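Encoded as C-alpha cells, the structure appears first; notes follow it.
The values are calculated or read from the model by the stated rules, or taken from the named source; none is laboratory data. Worth saying up front: this structure is predicted, and the values here are computed from it rather than measured. For neighbour counting, all protein chains shown are included, and Cβ atoms are generated from backbone atoms with ideal geometry for every residue, glycine included. Note: accessible area is taken over every heavy atom of the protein model, side chains too, but ligands, DNA and RNA are not part of it. Shrake-Rupley method; radii C 1.70, N 1.55, O 1.52, S 1.80 Å.
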Amino acid sequence: MNGQRTLVLRRLLAAAAMLVFAGQAGSGLAAPQLCYRGVNLSGAEYGERDGAANVNYTYPSEDTVRYFAGKGMNVIRLPFRWERLQPALGQPLNGGELQRLKDAVDLIQKHGMSVVLDPHNYAYYDKTQIGQAPVTDLAFGDFWARLAVEFSNHKGVAFGLMNEPHDIKAPDWLEAANTAIRSIRTVGARNLILVPGTNWTGAHSWSADVLGGGANGTVMLGIKDPLDFYAFEFHQYLDSDSSGTHPVCDGTDNAKRGMNDVTDWLRKNGKRGFLGEFGVAANDGCLDGLKQVLGIMNANSDVWLGWSYWAAGDWWPPEEPLNVQPHNGRDKPQMKVLIEGLSKKTPLPPFCALVKSAK
C-alpha cells in the first residue's frame, strides 16, 4: 500500500512539474506531439539581388505546395533574400517582391500550412555583416519592423529572425537579435519569433565558445522579448562537420549528442526549440540516423515545437542528395521516414499558436 501511494505521489508531482513548465513555455498545455512538421521550400533566396523572378529565383509552385500538404506536413520554412526585399537599407520594402512573398504565404496557407518567414542571409546584407556600418543593428531592426507590419498577427506566420548567423560573436549577435525583436514588438506584432544563435546555430556546438565571447547556450539566454513569445531555432546535419554538404552520415552520433544536449538545455531553462534545418542522403545509414533525430524530438514534444527538413523546391536538381522534391511522380526515400505518423487533420492545441493572444 505504501508503495502504491509513493507511486501515485511521484506521478502527481511529475504532472505538476509539467504543468509549471507548460505555463512557462507558452499559453496552454504542452502538445502531446510535435506541433509543426514540414520542409524548407528553397528557391526565393537564389541568385543576385537584382535577379528576375522566375528567371534567377523562384517562389514555390502550387503543385509543390500541394504535394507536401498532401503528405500531412503543416509548415513551410520559406527562404528569401533580404537585399531583394529591401534594396536600400532604412527604406521601404520593394513592392513587387513583397507581393511575391505575400502571394507565396497565401498559397501555402491556402493548403492548410503555416509559414516561417526566413531571411536567408547568414547575418549579412550583401557582403557586410550585421553590426558593421551601414548594416547596423538599427538597420536590421528597421527591416524587421517593416516586414512585421506586413504580417503582423497574421495567423499561422512565424518570424525566423535570420538564417544561420556565423562569424559573428554571440554577444554581438544577441544585441542585433534583441534590436530586431524590440522592433517587431514595437509595431504591435505578436507573432512567434524564432531566434537562432551564431556559429550556424548548430545544436552540436550550442554549448561551445567557438568564436570567443561566450557560447550560444550562455549568451543567448539574454534574449529580451516584451511578450516572452519566442523559441530558439537550431540546425543539425548528420555528416562529420555538420554542414549537410556530404552524402554520408558519419556524424550521426555527434548530431544525436547535440540534439540531446539542447533538449536538456531547453527544459532546464524553460524554453522551446524548433529544428529549422536538417537533412540526409537516401542511403540506409542516413535514413536510420534521420529516424533517430526525429525520435529525439518526438520524445520531447514538451520543449520541441517541431521541424522543417532541408530541403525541397521546384528548381532543386534531382541528384542533390538531401533533396526531397518528388521526381517523375516518385517520392524520395527520405519522405517515407519524414511522414511516418503524420496526420492530415490534427487540430493544434494552444501551445502551438504562432500568434500570441492579445488578452
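Can you tell me which residues in the stretch 102-142 are of a type in the set (S, T, Y), touching a residue at least 40 places away in the same chain (Cβ under 8 Å) and part of a loop (DSSP other than H, G, I, E, B)?
The initial filter retains those residues of the stretch 102-142 that are of a type in the set (S, T, Y), namely 114, 122, 124-125, 128, 136.
Restricting the remaining residues to those that are touching a residue at least 40 places away in the same chain (Cβ under 8 Å) gives 114, 122, 125.
Residue satisfying the conditions is Y122 alone.
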- Among the residues of the stretch 195-211, which ones are open to solvent by 30 Å² or more (accessible area, probe 1.4 Å) and in a loop (DSSP other than H, G, I, E, B)? S207, A208, D209, V210, L211
- Positions within the stretch 279-293 being surrounded by 21 or more Cβ atoms within 10 Å (Cβ to Cβ) and either among the aromatic types (F, W, Y) or under 25 Å from T64 (Cβ atoms) (or both), in sequence order: G279, V280, A281, C286, L290, V293
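Any residue at all in the stretch 302-310 that is of a type outside the set (A, V, I, L, M, F, W, C), under 24 Å from L221 (Cα atoms) and in contact with an Asp or Glu (Cβ under 8 Å, 6 or more places away or on another chain)? Spell out the reasoning first.
Filtering the stretch 302-310 for residues of a type outside the set (A, V, I, L, M, F, W, C) gives 302, 306, 308-309.
Filter again for under 24 Å from L221 (Cα atoms), leaving 302, 306, 308.
Now drop any that are not in contact with an Asp or Glu (Cβ under 8 Å, 6 or more places away or on another chain), which leaves 308.
Within the stretch 302-310, one or more residues are of a type outside the set (A, V, I, L, M, F, W, C), under 24 Å from L221 (Cα atoms) and in contact with an Asp or Glu (Cβ under 8 Å, 6 or more places away or on another chain).
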- Query: Would you pick out the residues in the stretch 241-287 that are among the hydroxyl-bearing types (S, T, Y) and either out of contact with any His (no Cβ under 7 Å at 6 or more places or on another chain) or part of a strand (DSSP E or B) (or both)?
  - Reply: S243, T245, T252, T263
- Query: For G244, which of the numbered conditions (1) open to solvent by 50 Å² or more (accessible area, probe 1.4 Å); (2) on the phi > 0 side of the Ramachandran plot fails to hold?
  - Reply: (1)
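Working carefully through the options A145, A180, find the one that is of a type outside the set (K, R), in a helix (DSSP H, G or I), open to solvent by 10 Å² or more (accessible area, probe 1.4 Å) and touching a residue at least 40 places away in the same chain (Cβ under 8 Å). Even if it seems obvious, please write down each step before you answer.
Details: A180 fails: open to solvent by 10 Å² or more (accessible area, probe 1.4 Å).
Matching residue, one of A145, A180: A145.
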- the stretch 319-347: number of residues that are part of a loop (DSSP other than H, G, I, E, B), open to solvent by less than 80 Å² (accessible area, probe 1.4 Å) and within 19 Å of M297 (Cβ to Cβ): 7
- Might you let me know whether the stretch 212-235 holds any residue that is surrounded by 24 or more Cβ atoms within 10 Å (Cβ to Cβ) and assigned to a loop (DSSP other than H, G, I, E, B)? no
- Give P87, P32, P79, P60 a once-over and let me know the one that is modelled with pLDDT under 95 and either surrounded by fewer than 23 Cβ atoms within 10 Å (Cβ to Cβ) or under 17 Å from Q325 (Cα atoms) (or both). P32
- Task: For the stretch 286-305, indicate whether the set of residues that are modelled with pLDDT under 95 and farther than 30 Å from K268 by Cβ is non-empty.
- Result: no
- Can you tell me how many residues in the stretch 302-316 are open to solvent by 10 Å² or more (accessible area, probe 1.4 Å) and over 30 Å from Y57 (Cβ atoms)? 1
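Among the residues of the stretch 159-168, is any of a type in the set (F, W, Y), under 20 Å from the mean Cα position of the chain (by Cα) and assigned to a helix (DSSP H, G or I)? If you could, list the steps in order and put the result at the bottom.
Looking only at the stretch 159-168, we keep the residues that are of a type in the set (F, W, Y), and these are 159.
If we keep only those that are under 20 Å from the mean Cα position of the chain (by Cα) as well, we get 159.
Imposing the further condition that a residue be assigned to a helix (DSSP H, G or I) reduces the set to none.
No, because not a single residue in the stretch 159-168 is of a type in the set (F, W, Y), under 20 Å from the mean Cα position of the chain (by Cα) and assigned to a helix (DSSP H, G or I).
Got at least one residue in the stretch 9-16 being open to solvent by 40 Å² or more (accessible area, probe 1.4 Å) and modelled with pLDDT of 95 or more? Outline the logic, then answer.
Taking the stretch 9-16 first, the residues open to solvent by 40 Å² or more (accessible area, probe 1.4 Å) are 9-16.
Keeping just the survivors that are modelled with pLDDT of 95 or more gives none.
Within the stretch 9-16, none of the residues are open to solvent by 40 Å² or more (accessible area, probe 1.4 Å) and modelled with pLDDT of 95 or more.
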- Query: Where residues in the stretch 57-94 are of a type in the set (F, W, Y) and assigned to a helix (DSSP H, G or I), which of them is farthest from G156 (Cα to Cα)?
  - Reply: W82
